[in-house]
Amino acid sequence: MPLVSMNEFLPQAKEGKYAVGQFNMNNLEFAQAITEAAMELNSPIIFGVSEGALKYMGIEYTVALAEAAAKQSGLPIALHLDHGSSFEVAMKCIRAGFSSVMFDGSHHSFEDNIRLTKEVVRAAHAMGVSVEGELGTIGGTEDDISVDEKNASLAKPEEAIRFYEETKVDALAIAVGTAHGMYAGEPNIHFDIIEEVVKAIPASVVLHGGSGVPDEMIRKAVQAGVGKINVNTENQVAATQAIRDVLNADGKVYDPRKYLTPARKAMVEVVKSKIQLFGSVGKA
């Protein structure tokens, strides 16, 4: 089937109290692993693509990989721009074939974030493309963007509600204590913020920084109403460790298929475990 917007499955996720995983796609092996896991468990999935990954893969290759996965699997798959920095980048992705975009205006003032997000929503919705917005600042490092923990700021529920009412985004990422990358300690997730916002808006609430969060916290977040959870670092770590293991075991290996195949298998297991944890098994 063709790529779909997140509106094809996020409303059902919110109603059914489960979450759909966004798994970032960084190359062919990531696309294959994510799709294989989703096919095995019959789950909808979201391919997240950061601007850094877009530069690395090229926009044409990125869209072609996602379209091939959707065609082969028959699953509802959204190709989603992750942390889009501008209206122009979002429109470039939509024109290229992305079915969903995120505009991250969290580094702007609250009023400017609303204004800029509204512009993206207006254009994207006219093309049948879903939009994710962001409120508050999520700490950690993703691609070349780094936010020190002390500079991360939690989303205010009343602002999140107003943000939705004015922008009509399809999904809203709110800063609730998670961070990009792996955690040195245990995250302090503010479930009360999630619950308050979920009850007040129809859009799905998104949890960024899902890698390394203890399973029980993830379950609690899903029960609180989170409908989309982003995972990237855990796949990267698993793939890299598998590659290290192969090269450390035999220094004569030079065929990339010899180490990328184990890397892909490692990511399949990570994605399967997350799909099961999020509760989206059989929801495609």
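Relative to the Cα centre, what is the charge dipole magnitude of segment 2-155, using +1 at the beta carbon of each Lys and Arg, -1 at the beta carbon of each Asp and Glu, and rounding to the nearest 20 debye?
So the magnitude is around 480 debye.
Suppose the chain between Asn42 and Tyr56 were pulled fully straight at 0.36 nm per residue; how much longer would it get relative to their current alpha carbon spacing?
2.1 nm
I'm spelling it out carefully: the read-out is Cα extents along the principal axes in Å, the candidates are [x] 72, 64, 47; [y] 58, 41, 35; [z] 82, 47, 37, and one was derived from this structure. Which label?
Matching the structure shown: [y].
Could you let me know the centre-to-centre spacing of segment 5-33 and segment 99-129, using Cα atoms, in angstrom?
20
What is the gain in length, in nm to one decimal, between Lys265 and Glu67 on full extension, counting 0.36 nm per residue of separation less the C-alpha to C-alpha distance?
Using 0.36 nm per residue and subtracting the Cα-Cα distance, I get 69.1 nm.
Compare Ser153, Ser43, Ser99 in a GNM of the chain, Cα atoms joined below 10 Å, and give the one with the largest fluctuation.
Looking only at Ser153, Ser43, Ser99, the biggest GNM fluctuation is shown by Ser153.
Taking springs between alpha-carbon atoms closer than 10 angstrom, which of Glu60, Glu134, Glu196 fluctuates most in the Gaussian network model of the chain?
Among Glu60, Glu134, Glu196, the largest mean-square fluctuation in the Gaussian network model of the chain belongs to Glu60.
Given a Förster radius of 45 Å and the C-beta distance between Glu15 and Asp250 as r, what FRET efficiency does 1/(1 + (r/R0)^6) yield to the nearest 0.05?
Calculated transfer efficiency: 0.35.
Can you give the calculated 222 nm mean residue ellipticity of the chain, where each DSSP H run of n ≥ 4 adds -39,500 (n - 2.57) and the sum is split over every residue, rounded to the nearest 500 deg cm²/dmol?
That calculation yields -15500 deg cm²/dmol at 222 nm.
Please report, in debye to the nearest 20, how large the charge dipole of the chain is about its Cα centre when each Lys and Arg carries +1 at its beta carbon and each Asp and Glu carries -1 there.
720
Sorting check: for 83-92, 230-239, 70-79, which peptide has the highest mean count of neighbouring beta carbons within 10 Å, and how do the rest follow?
230-239, 70-79, 83-92
Placing +1 on the Cβ of each Lys and Arg and -1 on the Cβ of each Asp and Glu in segment 6-278, which of Ser43, Ile94, Gly136 has its Cα farthest towards the positive end of the resulting dipole?
Ser43
Report the extension gain between Glu165 and Glu111 in nm, rounded to one decimal, defined as 0.36 nm multiplied by the number of residues separating them, less their alpha carbon distance.
18.1 nm
Within the chain, what whole-number % of the accessible surface is contributed by carbon and sulfur, with the 1.4 Å probe and all protein chains included in the calculation?
Summing carbon and sulfur atoms, their accessible area is 50 percent of the total for the chain.
In square angstrom, what is the accessible area per residue of segment 6-278 with a 1.4 angstrom probe?
Normalised by residue count, the accessible surface of segment 6-278 is 44 Å².
Can you give the % of DSSP beta bridges in segment 6-278 that are antiparallel, to the nearest 5?
Counting DSSP beta bridges with both partners in segment 6-278, the antiparallel share is about 10 percent.
The values are calculated or read from the model by the stated rules, or taken from the named source; none is laboratory data. On a predicted model such as this, the values are computed, not experimentally measured, just so you know. For neighbour counting, all protein chains shown are included, and Cβ atoms are generated from backbone atoms with ideal geometry for every residue, glycine included. Surface areas here come from the heavy atoms of the whole protein model, side chains and all, with no ligands, DNA or RNA. Shrake-Rupley method; radii C 1.70, N 1.55, O 1.52, S 1.80 Å.
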